[in-house]
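Have a look at the structure below before the remarks.
Readers should treat all values here as calculations from the given coordinates under stated rules, not as data from a laboratory. The structure displayed is predicted, hence computed values, not measured ones. Using ideal geometry, Cβ is built from the backbone for each residue, glycine included, and neighbour counts are taken over all protein chains shown.
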Amino acid sequence: MIAFGANLDEPEMRIQEAVRLLRTRIPDLVLSSLYTSAPMYVEQQPEFVNAVGVATTDLGPNELFVVLKSAEYQIGRRPGPPNGPRTIDLDLIAYGSLSYSFYFEDGAGLLIPHPRLGERRFVLEPLQEIAPELIIPGHPSLSVMVEKVRGQELRKMAHARI
């Protein structure tokens, strides 16, 4: 499962671009509706456009992580302040029933499931939309997790999925 987020440089278009790039490597990628959310952690920035995608792939978790980071770079993401504004953010939030941690030589880490998954309505609700029965290792059901974050601002966008 991949979380998509953007709040700079026409965020909807950046997510569309990310989906097009990723479908070259993950053809059966299914995307949720688009949502808007208030920024978390660093509040003085534009609101985000978010979505979640699910797919099957023969890519391993490390290889998929590299594909995501490469797509971010191709779309124009460059290093910036943690949790700050970005042209695109692609997070590998879960990978089947795998619990996994790996650190790359550059210090980047890959933790599956994503360590902040349970605190983010902008990930949980779109995920529930497209995979309501999904079980995430070490977590309660999606419906229980969504209820815990129900107070966070999230709005489904009026137009259709990408």
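For segment 77-134, trypsin sites (Lys or Arg not before Pro) are listed when DSSP marks them as loop and at most 15 other Cβ atoms sit within 10 Å of their Cβ; the list is ARG116. Segment 114-133 and segment 7-65 have their alpha-carbon centroids 13 Å apart.
Label zone of VAL42 (point 7 Å out along Cα→Cβ, amide N under 16 Å): in segment 1-21 this covers 5-9. Shown here for segment 16-86: GluC sites (Glu not before Pro) in loop regions (DSSP other than H, G, I, E, B) with at most 15 other Cβ atoms within 10 Å, namely GLU43, GLU47. Between ASN83 and SER143, the modelled label-to-label distance comes to 3.1 nm, taking each label 7 Å out from Cα in the direction of the beta carbon. Taking the chain as a Gaussian network, Cα atoms linked when under 10 Å apart, which of TYR73, TYR41, TYR100 shows the biggest mean-square fluctuation? In this elastic network of the chain, the residue with the biggest mean-square fluctuation among TYR73, TYR41, TYR100 is TYR41. Label reach from THR24 (point 7 Å along Cα→C-beta): in segment 39-57, no amide nitrogen lies under 18 Å.
Full extension of the chain between GLU10 and ASP106 yields a length gain of 31.6 nm, computed as 0.36 nm times the residue separation minus the alpha carbon distance. When shorter helices are ignored and each DSSP H run of at least 4 residues is given -39500 (n - 2.57), the per-residue value for the chain at 222 nm works out to -8500 deg cm²/dmol. Comparing LEU64, LEU127, LEU98 in a Gaussian network model of the chain where C-alpha atoms under 10 Å apart are linked, the largest mean-square fluctuation is found at LEU98.
If the elastic network links every pair of Cα atoms under 10 Å, which of GLY96, GLY151, GLY107 fluctuates the most in the Gaussian network model of the chain? In this elastic network of the chain, the residue with the biggest mean-square fluctuation among GLY96, GLY151, GLY107 is GLY107. Computed from backbone phi with θ = phi - 60° and the Karplus coefficients 6.51, -1.76 and 1.60, the 3J(HN,Hα) list for segment 60-77 is x, x, 5, 5, 5, 4, 5, 4, 4, 5, 5, 4, 4, 5, 4, 7, x, 6 Hz; x is used for glycine and proline.
What is the Cα convex hull volume of the chain when expressed per residue in Å³? Walk me through the numbers on the way to the answer.
On the way: hull volume 18.1 nm³, N = 162.
Convex hull of Cα atoms, per residue: 112 Å³.
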